[in-house]
Amino acid sequence: MAQKILVLGGGFAGMYAANQVKRRLGAKADVEVISRDNYFVFQPLLPEVAAGSIAPLHAVSPLRELLRGVFVRKARVESVDFERKIVTVFQGVQRRPTEVPYDHLVVALGQEVDLSRMPGLTDHALTMKTLEDARRLRAHVIERLEHAEITQLPDVKRGALTFTVIGGGFSGIETVGEMKELIDRSLRFYPNVDPGEVRVVVLEFAHRILGEMPEKLADYAHRTLARRGIEIQTGVGVASATGTQLVTTAGEVIDTRTIVATIGNAPSPIVLRLDLPIEKGKIAVDRTMRVTGRDDVWSLGDCAMIPMKDNASARGDFAPPTAQFAVREARQVAENIAASLEGKPLSPFVYASQGALASLGARRGVAEVRGMQFTGFSAWLLWRMYYLAFLPGIATRARVLINWILDGLSPRSVVHLRAETPRDIRHHQYRAGDRVYERGNRADGVYTVIEGALEVRRMNKDGTETTRNIGPGDHFGERILFGETRRGATVRALEDSRVMVIHEEAFLNLAEGFAPLQSYFSDYLRETHGLDWTPSRPGRKNAAQ
Ligand SMILES: Cc1cc2nc3c(=O)[nH]c(=O)nc-3n(C[C@H](O)[C@H](O)[C@H](O)COP(=O)(O)OP(=O)(O)OC[C@H]3O[C@@H](n4cnc5c(N)ncnc54)[C@H](O)[C@@H]3O)c2cc1C
């Protein structure tokens with residue numbers, strides 16, 4: 001009977017592993033991939049998606065197209081029962097728990113981003129890991145340019161035109177290079193923005209950028225980016241962030257509306273929940289990629305700690321978290337699964353990096369291939385050729401190539417497609433003195449104070465002003481519930497504070513369906529404003545009489 005090989009994750013490691021197992025075992029294996037998305041993301045191209053040189057749909061490939069002969073289940077992995085050899089997933093619209101059995105399990109769930117160690121970063125930084133992240137960043141940059149073009153307020157313009165990227169590794173440098181190209185090529189459409197007003201900053205905590213590359217290439221990258229007006233601060237990290245400012249570990253306060261974090265790779269919560277041995281936040285495997293203590297569970301890619309030598313202990317003794325390695329690991333894990341089914345000895349994973357390439361945007365790059373170093377246009381061209389060849393599937397390759405040709409022949413589009421609807425609930429960090437909102441601003445939701453202290457100043461109808469100080473547990477901005485579209489008060493932080501904003505529609509839905517909340521606000525609004533209130537969602541009749 002065919003053996004069931006179940007692969008968790010449809011990224012570089014999972015997708016290539018599933019294909020290789022099927023290719024090696026054919027009808028002897030029943031291969032299934034479980035992935036929360038039904039497409040494969042080619043992450044090295046994400047900075048180009050963010051910069052608009054490649055359309056989002058063209059940087060991804062449907063897993064069903066890439067995985068011929070493999071069953072694809074779009075579902076979220078929830079847990080694994082290793083004794084019963086069952087994976088439980090949530091699938092479908094109802095998110096029903098479904099049990100999927102296996103004979104051999106391959107865990108390739110990648111990593112996630114955790115920015116919680118730096119105050120404010122989780123709430124205010126954009127990340128660069130998924131297709132949605134790249135789309136969001138492009139929309140965000142265009143939105144900032146639109147705002148800078150029309151604002152009359154110099155402070156607001158400065159914040160809108162200051163773009164910060166945290167992390168000077170591959171993804172940080174490629175992201176900043178591409179983002180600067182997008183800005184430079186878009187400025188011709190924004191006559192009120194002078195190129196000298198744009199500030200782009202990279203913060204790297206180490207003493208140099210591109211730590212994985214030879215120093216000579218990293219120096220070249222540094223000089224090239226600096227020449228293009230990108231300010232690189234090395235030995236500097238982030239101390240804290242708000243929606244309008246970033247404070248560096250060097251003490252500089254940067255007014256910025258754009259913080260892109262390319263740092264903070266962390267184990268995904270599901271990997272930690274699996275009850276597998278964990279080493280430095282990754283699944284501990286032996287040199288054959290078999291999970292320590294389990295004969296039928298394998299792990300590879302970014303979520304696995306794969307030793308490249310016996311008694312590995314230093315960082316360099318383990319396989320690095322790169323696509324290049326994940327693809328090679330996939331081949332080896334497939335070979336070892338086949339060997340294990342046939343009762344043959346397993347082989348350790350052995351691979352030497354073939355080099356590294358980074359695009360710096362604006363047709364410049366750095367590359368080291370088999371010991372040879374390239375810089376400038378030739379390195380950039382090499383980068384493009386390498387990744388074109390590396391892309392899975394002829395259709396994806398053709399689409400990316402066409403995108404690149406069109407991008408070379410035409411200006412960058414500054415169409416602003418809204419990347420998302422407003423989040424129902426979001427958190428905001430404020431530093432002492434920051435304005436939360438001003439009288440007359442558009443009202444967007446109801447606020448509650450989580451930490452800190454704030455001052456609410458309201459202008460009364462008789463021209464007098466009322467001031468009240470509020471703290472954790474208090475709320476403000478509830479006048480939106482009367483259908484008011486503008487703020488009637490000015491709120492500012494008296495000390496470093498954190499607030500939660502519940503978007504108007506989400507709040508009204510919540511109040512309508514959650515009786516204690518409705519009853520609390522009905523009483524509160526009757527006492528404070530003398531109004532009878534019942535929740536009514538926007539578009540319906542006015543709620544307060
Ligand atoms: C911006 C950027 C640029 C990069 N550039 C390069 C480069 O130039 N060269 C290079 O070699 N490497 C590069 N990398 C690194 C490379 O992309 C990763 O090492 C590689 O993607 C790791 O593959 P993986 O399969 O382990 O993880 P991933 O590709 O992250 O795949 C994880 C998979 O697991 C799925 N998943 C996760 N949780 C669940 C769940 N609960 N249920 C179901 N499915 C789940 C995901 O949907 C995904 O399919 C870059 C990374 C980034 C972010």
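We did not get these values from a lab; they are worked out from the coordinates using the rules stated. What you are looking at is a predicted structure, and each value in this text was computed from that prediction instead of being measured. Counting neighbours? That spans all protein chains shown, and the Cβs are built from the backbone with ideal geometry, glycine included.
I'd like to know how the chain sits against the 2.2 N^0.38 Å rule of thumb: what's its Cα Rg over that expected value? Could you put the intermediate results ahead of the total?
On the way: Rg = 26.2 Å, N = 545, 2.2 N^0.38 = 24.1 Å.
Normalised Rg, Cα atoms only: 1.09.
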Revision key, fill the gap. Note: probe point = Cα of residue 212 + 7 Å toward Cβ; backbone nitrogen < 18 Å; residues of the range 48-91 passing the test are 48-49
Exercise for review: Evaluate the distance, in nm, between pseudo-label points positioned 7 Å from the Cα of residue 295 and of residue 130 along their respective Cα→Cβ axes.
Suggested key: 3.8
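Tell me what the chain gives for mean residue ellipticity at 222 nm when only DSSP H runs of n ≥ 4 count, each as -39,500 (n - 2.57), the sum divided by the residue total, rounded to 500 deg cm²/dmol. Please report the intermediate quantities before stating the final value.
On the way: 14 runs with 164 residues, N = 545.
Dividing the helical sum by the residues of the chain leaves -9500 deg cm²/dmol.
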Check your understanding: Hey, could you pull the Cα Rg and Dmax for the range 116-205, both in Å?
Key -> 13.5, 40
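Taking Rh as the Kirkwood radius computed over C-alpha pairs, what is the Stokes-Einstein D of the range 253-325 at 10 °C in a medium of viscosity 1.306 mPa s, expressed in µm² per second? If you can, show how the numbers build up before the last one.
Numbers: Rh = 13.8 Å.
Calculated translational D: 115 µm²/s.
Set the Förster distance to 22 Å, then compute FRET efficiency between residue 398 and residue 71 from the Cβ-Cβ distance, nearest 0.05.
Working: r = 27 Å, r/R0 = 1.22.
Efficiency for this residue pair is about 0.25.
Dipole of the chain, Cα-centred, from +1 at each Lys and Arg C-beta and -1 at each Asp and Glu C-beta, to the nearest 20 debye? Could the numbers behind the result be given before it?
On the way: 71 positive and 65 negative charges, 291 e Å.
I would put it at about 1400 debye.
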Study note, to complete from the structure: Quick calc, the range 357-488, dipole around Cα centre from Cβ unit charges on Lys, Arg (+) and Asp, Glu (-), nearest 20 debye, gives 540
Check your understanding: If you count, for each residue, the other Cβ atoms within 10 Å and average over each peptide, how do 526-536, 239-249 line up from highest to lowest?
Key -> 239-249, 526-536
Practice item. For residue 180, go through the aspartates and glutamates and keep the ones whose alpha-carbon is under 12 Å away, minus same-chain ones fewer than eight residues off. Key: 48, 231
Practice item. For helix 170-186, report the angle its Cα long axis makes with the longest principal axis of the Cα atoms of the chain; keep it between 0 and 90° and round to the nearest 10°. Key: 50
Revision key, fill the gap. Placing +1 on each Lys and Arg Cβ and -1 on each Asp and Glu Cβ in the chain, then taking the dipole about the Cα centre, the residue among 385, 467, 514 whose Cα reaches farthest towards the positive end is 385
Revision key, fill the gap. Residue span residue 517 to residue 153: 0.36 nm per residue of separation minus Cα-Cα distance leaves a gain in nm of 127.2 nm
Review point. Given a Förster distance of 35 angstrom, what is the FRET efficiency for residue 486 paired with residue 234, based on the Cβ-Cβ distance and rounded to 0.05?
Key: 0.20
Revision key, fill the gap. For residue 432 and residue 86, extending 7 Å from Cα along the Cα-Cβ vector and measuring point to point gives, in nm, a value of 5.7
Study note, to complete from the structure: Measuring from the longest principal axis of the C-alpha atoms of the chain, the long axis of helix 515-529 (C-alpha) lies at a number of degrees, nearest 10, equal to 30
Practice item. Multiply the residue gap between residue 314 and residue 1 by 0.36 nm, knock off their C-alpha separation, and tell me the result in nm, one decimal place. Key: 108.4 nm
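Using a Förster distance of 41 Å, how high is the FRET efficiency between residue 36 and residue 464, based on the Cβ-Cβ distance and rounded to 0.05? Could the numbers behind the result be given before it?
On the way: r = 56 Å, r/R0 = 1.35.
Between residue 36 and residue 464 the formula returns 0.15.
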Review point. Cα centroids of the range 187-221 and the range 247-288: how far apart, whole angstrom?
Key: 23
Review point. Could you give the radius of gyration (one decimal) and Dmax (whole number) of the Cα atoms in the range 425-529, in Å?
Key: 13.5, 39
Review point. How much length, in nm to one decimal, is gained on full extension between residue 250 and residue 475, taken as 0.36 nm per residue of separation minus their Cα-Cα distance?
Key: 77.5 nm
**Study point:** Approximate spin-label separation residue 226-residue 189, in nm, with each point projected 7 Å along Cα-to-Cβ
**Key:** 3.3
